[in-house]
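For reference, the structure is listed below as structure tokens.
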Amino acid sequence: MTSMLLSSTSQTQIFHNIRTSQPISHLHPYRTTCLAPLPCRSRSIRCAGSTAVADTASTRELKQGIAELYDESSAVWEDIWGDHMHHGFYDPDEVVSGSDSDHRAAQFRMIQEALSFAGVSEDPEKGPKTVVDVGCGIGGSSRYIARKYGAKCQGITLSPFQAQRANALAATEGLADKVSFQVADALEQPFPDGQFDLVWSMESGEHMPDKRKFVGELARVAAPGATIVIVTWCHRVLGPSEESLQPWEMKHLKKICDAYYLPDWCSTADYVNLLESLSLQDIKTADWSQYVAPFWPAVIRSALTWKGLTSLLRSGMKTIRGALVMPLMIEGYKKGLIKFAIITCRKPE
């Protein structure tokens, strides 16, 4: 599918380039256990299972909840929306039809736009050859990238169902020699240092209870010169005089956290601070909220069909609870509280 790229004018408006800081002396740059806590002024948000990163019991409970949510809901999502478990990318003010094929095309486009934003070459000969897909869902991104570039992709997820289904789809599509998936923790990835030339995280960062460790692991497994792509949900950047979000904003996010097993939210600026602390280079961010605006209304419409309703009722309470808070996502976007962010960078050579 041909990607419809942003114009140079809109790129100028939404891209934010940041020069990175110098390496932190005397520390392994990607061993984040040595680093100070994230200086995030929004730490007052405490959501389901995230009373403290150091609280291992809460962290275990959170991870178990995430795994069970996706074990329960992934088959429903695939049946209705296909194998890409992430937002679609649409033109601003686009009149979007109710066609499932249109929304699935927008999900393909999201992958291509993210690759383009990160500066990944369109040329298969110059593209990535080793890829890790962190929070891989049922493997949609990995299979897309493997086909596009002939790359070897490894995906990790907390959900046993997702890993099994992703491997089954890879075998069905003749990609078992290119892609593989396993159950593993993104905060303790089962890979050696410097293994991948593309590190990909499509809408998994919001589930990470320790954002510093999450980013540190992405950087650790990246090869020298590798590209790191993080597409994630964030809250708005705090103003200069703000110490935290407003009470109504924290209450709003708390309801979403409880349904989707999300820990503390952070802003794009917090991610930038983390990347800078690891001396990563060519950091770019953009707010793509306007490009994903049609997504949640479309998901709600599909859930209200006979097929959607019967699938939800069969799936279980975690999936139903997630469906009930979807209007809160729309409201959060409209009020400027929730931001759909892309953050990319490069590991130094």
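We did not get these values from a lab; they are worked out from the coordinates using the rules stated. Fair warning: this is a prediction, and the values are worked out from it, not measured in the lab. Backbone-built Cβ (ideal geometry, glycine too); neighbour counts: all protein chains shown.
Among the GluC sites (Glu not before Pro) within the stretch 98-170, those in coil by DSSP and having at most 15 neighbouring Cβ atoms inside 10 Å are 122, 125.
Within the stretch 54-81, which residues have the backbone N less than 19 Å from the label spot 7 Å out from residue 183 along Cα→beta-carbon, could you tell me? Correct set: 57-76. Amide H to amide H, with H built 1.01 Å from N, residue 204 comes under 5 Å of 231, counting only residues 5 or more places away or on other chains.
Listed peptides 152-161, 220-229, 183-192 appear in the order 152-161, 220-229, 183-192 once ranked by packing, highest mean of other Cβ atoms within 10 Å at the front. Pairs exceeding a 24 Å alpha-carbon distance, out of 63/129; 213/254; 213/251; 254/335: 63/129; 213/251.
Is the C-alpha gyration tensor of the stretch 183-224 telling us rounded, prolate or oblate? Criteria: a/c under 1.5 is rounded; beyond that, a/b larger than b/c is prolate, otherwise oblate. The shape class here is prolate. Sequence-ordered 3J(HN,Hα) estimates for the stretch 276-283 from the Karplus curve with 6.51, -1.76 and 1.60 and θ = phi - 60° stand at 5, 5, 9, 6, 6, 10, 6, 6 Hz, glycine and proline given as x. Annotation for residue 147 and residue 307: the two label points, set 7 Å from Cα along the Cα-Cβ direction, are 1.9 nm apart.
Note on residue 80/residue 241: beta-carbon distance plugged into 1/(1 + (r/R0)^6) with R0 of 41 Å gives a FRET efficiency of 0.40.
Separation of the alpha carbons by more than 26 angstrom is noted, of 152/347; 148/307; 255/334, for 148/307.
The calculated FRET efficiency for residue 251 paired with residue 101, based on their beta-carbon distance and R0 = 41 Å, is about 0.60. Would you give the gap between the C-alpha center of the stretch 151-198 and the C-alpha center of the stretch 256-301, rounded to a whole Å? What the calculation gives is 23 Å, centre to centre. The stretch between residue 330 and residue 314, if pulled fully straight at 0.36 nm per residue, gains 3.3 nm over its current Cα-Cα span.
Charged side chains reduced to their Cβ positions (Lys and Arg at +1, Asp and Glu at -1) give the stretch 95-209 a dipole of some 320 debye around its Cα centre. Rounded to whole numbers, the Karplus 3J(HN,Hα) couplings from phi for the stretch 117-125 are 4, 6, x, 6, 4, 6, 6, x, 5 Hz, using 6.51 cos²θ - 1.76 cosθ + 1.60 with θ = phi - 60°, and x at Gly and Pro.
Among the GluC sites (Glu not before Pro) in the stretch 228-299, those located in a DSSP loop and surrounded by at most 13 other Cβ atoms within 10 Å of their own Cβ are 242, 243.
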